[in-house]
Amino acid sequence: MEFDILLPLGGFVVGMVIGLTGLGGGSLMTPGLIFGLGIPPAVAVGTDLIFAGITKSIGVFAHRAAGNIDWKTVRLLAAGSLPAAVATILVLDTLPSMDGLNRAIVPILGVALLLTATVIVVRGRLVRLAERFARLHGTPKDRWLVVSGAVLGSLVAISSVGAGAMGVAVLMLCRPGITTRRLVGTDLAHALPLALVAGTGHLHLGTVDFGLLLALLVGSIPGIYVGSTLTGRVPEPVLRCLLAAVLVTAGLLCIL
């Protein structure tokens, strides 16, 4: 595709939000590409998955070096998510045309965006709910991580959304008391192979645009750095509400 200055600019904005909040970029990048730049939904999803795999790898290496990753939890999530992602790609591959693929993606993307917005708004309540459940009933069984991983794997393969905010929500519910650093590190460590597996599937489907990918990376890498330096300077409740409003709007546009 032809170079468009809006692409690296969009990458910069999304990268900055990732640096500020740790929110998965797909929840902003994919609807932005579809509604802001007119990119076909399947191409937006496929390209964003490869984009996520590249950008998340930087964070995973940093968290691994700092010892912030619970590898057992990563393996349990991946045991559900990776097979589910592969199975979902195989189902998408049976669709007869690119138009059919686009029509299948858009409503599910809308649902994923609305779920992500909900998680952002009620995150504090989720923490309290998880802690209360653990006091009354003990830590949830490991099988719930596998089941949750399978749901995340299917959502990510179809929409590129879910590995960030919803992955964090799963960890808060299934691993109550986890520290923020291990929460972020573990979520990234699971999201990386999931994005790469799902992205490889989209390579097979022919829905990855490498010119688009390069333009997004040019903007996002400095954006992540700038966002990281601004962490704590933007009031979190305000930022959370703004993000939720954007995601709800995009989700409703997809569904309607």
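None of the figures in this text is laboratory data; all of them are computed from the coordinates on show. Since the structure is predicted, the reported quantities are computational estimates derived from the model, not experimental observations. Note that each Cβ is placed from the backbone with ideal geometry, even for glycine, and that neighbours are counted across all protein chains shown.
Below, the figures for the structure above:
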| read-out | value |
| --- | --- |
| Contact order relative to length of the chain, as percent, for alpha carbon pairs under 8 angstrom and 6 or more apart | 43 percent |
| Most fluctuating residue given options 135, 103, 143, as computed from a GNM of the chain linking Cα atoms under 10 Å | 135 |
| Relative pair counts by distance (%), Cα atoms of region 6-255, 10 Å bins | 8, 33, 39, 17, 3, 0 |
| Proxy reagent accessibility, fewest Cβ within 10 Å first, across 7, 173 | 173, 7 |
| Contour excess over end-to-end distance, with Cα ends at residue 111 and residue 65 and 0.36 nm allotted per residue | 13.0 nm |
| Cα-Cα pairs of region 108-256 separated by more than 25 Å (percent) | 36 percent |
| Helix 142-159 vs. the chain, principal-axis angle (Cα, 0 to 90°, nearest 10) | 20 degrees |
| Relative exposure of 204, 63, 190, judged by other C-beta atoms within 10 Å (fewest first) | 204, 63, 190 |
| Under the Karplus curve 6.51 cos²θ - 1.76 cosθ + 1.60, θ = phi - 60°, whole-Hz ³J(HN,Hα) for region 192-206, x wherever Gly or Pro sits | 4, x, 5, 5, 5, 5, 5, x, 4, x, 6, 4, 4, 6, x |
| Cβ-derived FRET efficiency at R0 45 Å, residue 136 paired with residue 95, nearest 0.05 | 0.50 |
| Residue 6 paired with residue 256, simple spin-label distance in nm, labels 7 Å along Cα-to-beta-carbon | 2.1 nm |
| Globularity index of region 1-143, i.e. its alpha-carbon radius of gyration over 2.2 N^0.38 Å | 1.23 |
| Extension reserve of the residue 249-residue 214 stretch, reckoned as 0.36 nm per residue once the Cα distance is removed | 9.9 nm |
| Trypsin sites (Lys or Arg not before Pro) restricted to DSSP loop in region 173-243 with at most 15 other C-beta within 10 Å | 233 |
| Nearest 10 degrees, 0 to 90: helix 236-255 Cα axis against the chain principal axis | 50 degrees |
| Rel. contact order, % - alpha carbon contacts under 8 angstrom, at least six apart, region 136-186 | 41 percent |
| Degrees, to the nearest 10: 165-174 long Cα axis against longest axis of the chain | 20 degrees |
